[in-house]
Amino acid sequence: MTDAFFTYRKNVLLAKSPSTQIESVFAATRGRSVPEEQEDLLQQWLEEGVGNLPASESVPAVRKVSVTLTSDWLEGSELLMTSLSDLNTSPEVTRCADQQHSELNALASSELQDHAVQDLARLPSEETVTVAGSAPWAAVVPQTDHQTAGCAGINVEVLNDDPAVLAWGLACDAETVPPVLPAWPIQDAVPFYPVPTEVPYHEILWRDWEDLSVQPCVLEQVSKNTPLFEFRVMSYNILAQDLVEQGLDLYVHCHPDILNWNYRLPNLLQEIQHWDPDVLCLQEVQENHYWEQLEPTFKEMGFACFYKRRTGTKTDGCAVCYKRSRFQLISLSPVEYFRPGLDILNRDNVGLVLLLQPVLPEGLGLKAVSPLCVANTHVLFNPRRGDIKLAQVALLLAEIDKIARTTEGSYYPVILCGDLNSVPDSPLYKFIRNGELSYHGMPAWKVSGQEDFSQQLYSRKLLAPLWPSSLGVTDKCQYATLCQPKKPGRREYSRDFLLQFRFCDAACERPPQLVLLEGVTDAKPVASAREHSAVTAVLKRHKSLSFLGKQCSGVIQHGLNLTSVYSHFLPQRGRPEVTTMPMGLGATVDYIFYSAEPVENKAGRRLYKDGALKLLGRLSLLSEDVLLMANGLPNPFCSSDHLCLLASFGLEVSSL
């Protein structure tokens, strides 16, 4: 930042003072804070150059300049791969100026040309881009107050040559660019704030595509000449606009313009169109935006769309879209987690579960491919209520169990997407991945691992059973009415369990149809007082047991065999992956899980290999330090506070 300021200061004073004088001034001031240098620069500028100008050519006249740039909408992925500074230099951009702009040109052509004034004349104040079929949106590049006005006028060409100057665009430096800056008064213009337009976001936030098709299981499939039905799945929390406006304190690092929906919507659509998924799972989809803008646009892109709004007064929900040319819908099941009267399920989160039939291309002959179950959800955020998160996930898994189960008792391949508001290796994550969790006595905050509340004197603990039997969900995350009947002839109770009832009243009564045999059936069992009391206690306990079985011991299970697309660690950087940055702190809370075949359990962690559903590739995630370089999330390039997740899969195609 300091180097950037010095680079500009030299450009300003170069035509006004001898080089030796400039170097001496910079040597004397290097090391002082940026605000002090700015004040000195302004004072020296007034004394050496601007003070000699006529009144009509003073600095305040420059502050009133209003320059407007207009450009046509860039089709395809051009906008996605273009920083805002590139738009300023685009040949399609035509410059329009008002009367004040003409005055500035006259000033620049005078004998006392000021290089800083020339730069300010080239700086656009507002850029208007019109999107076909949507409202116009504006990315504003304003003037600033006197402390940062000089830096705002740096030529883009100079910026691109100097990495130190490039870094100045980062607004995370609180000393130079405070969270809220006063806007300059400009006639016939709304107040605006400086946008970090010179940051090459598309370079900083570059994400590589990781090709996993070279894995042994995939190569083995290729060697057998067995075709695969390949498709892409994207999971994306797109940040509902209502939630932005309700929590502006979470986005003080963002320029107000990039939080505007008319700015964010084109960016989001361009990103989705660029990666071209076949199945799209979205969270935080605002209802009015879905029906008025997103669904019509997605239908034009060839998607069939389904939406479930959160219950209660919430205005956002989840959406699942799939390409009509690639899949056909078999069944659809919305999931509401809210259950009146249950404290464990008193929140308004929702989910969607779809069963899709892949559409094979023509020319494959008599081929078949398994149906695919796709689930999407957004789990409760509250870090203290892990008990609610766990119950919500159990409900979703029960719905998946119902939709994805075959007539033979196995499961179709499953892909589970969503914002689970839980970090990797948290108990909730391990439950989904390992298929089992012992939760009794666990602090509720520990379930998601988002925050550490261990220092609190009192914390809610999870007790068994986690939910009442009236919910109709077993400890195996299955609906009780759909549990498979036990095989005929299977022993329901153990011998030791049955022996406890040998002295009960029913066992001591002689059946009337029993043939009397002396010494065999004529003797009545007699129990001691101790044995009688033990039998009575066993009977009372047996009557109080619900069908939840193991849940009374605090253990829940599921049999879907799910593993994560991502490893949650970047080995080349030695840092963890992150999918979001709340309050500037990186975390992973978004996931794509998919069906795999378990291999073994090692140290409590289940290992998997690809089965009928194979992971072919994924879009790499970023680390926290990289996102900090781009001023966190959202930013002018990424218009959500989450990164999108993208994976490529292959389903085995078999002969009929």
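Read-outs: derived from the displayed coordinates by stated rules, not from any lab. None of the values given here were measured: they were computed from a predicted structure. Note that we place each Cβ from the backbone using ideal geometry, even for glycine, and neighbour counts take in every protein chain shown.
Label-to-label distance for Val599 and Ser410 is 2.0 nm, based on points extended 7 Å past Cα in the beta-carbon direction.
Under 5 Å from the amide H of Gly617 lie the amide H atoms of Leu212, Ser648, each residue being 5 or more positions distant or on a separate chain, with H modelled from the backbone and absent for Pro and chain starts.
Beyond 18 Å between alpha-carbons counts as too far, so tell me which of Lys367/Lys609; Lys299/Lys323; Lys446/Lys476; Lys402/Lys430; Lys314/Lys430 fall in that bin. In this structure, Lys367/Lys609; Lys446/Lys476; Lys402/Lys430; Lys314/Lys430 lie more than 18 Å apart at Cα. In this rough spin-label picture, where each label sits 7 Å from Cα along the Cβ direction, the Glu287-Phe569 distance is 4.4 nm.
Only the Cβ atoms of Lys and Arg (+1) and of Asp and Glu (-1) were treated as charged; on that basis the dipole of the range 233-370 about its Cα centre amounts to roughly 580 debye.
Model label points for Leu360 and Gln456, set 7 angstrom from Cα along the Cα-to-Cβ axis, are 5.5 nm apart. Can you list the residues of the range 232-247 with backbone N under 16 Å from a point 7 Å past the Cα of Ser333, pointing along Cα to Cβ? Counting only backbone N, you get no residues. Excluding Tyr236 itself, what net charge comes from residues whose Cβ is under 10 Å from its Cβ, given Lys and Arg +1 and Asp and Glu -1? Net charge in that neighbourhood comes out at -4. Extension gain, Arg324-Val653: 0.36 nm per intervening residue step, less the Cα-Cα distance, totals 116.5 nm.
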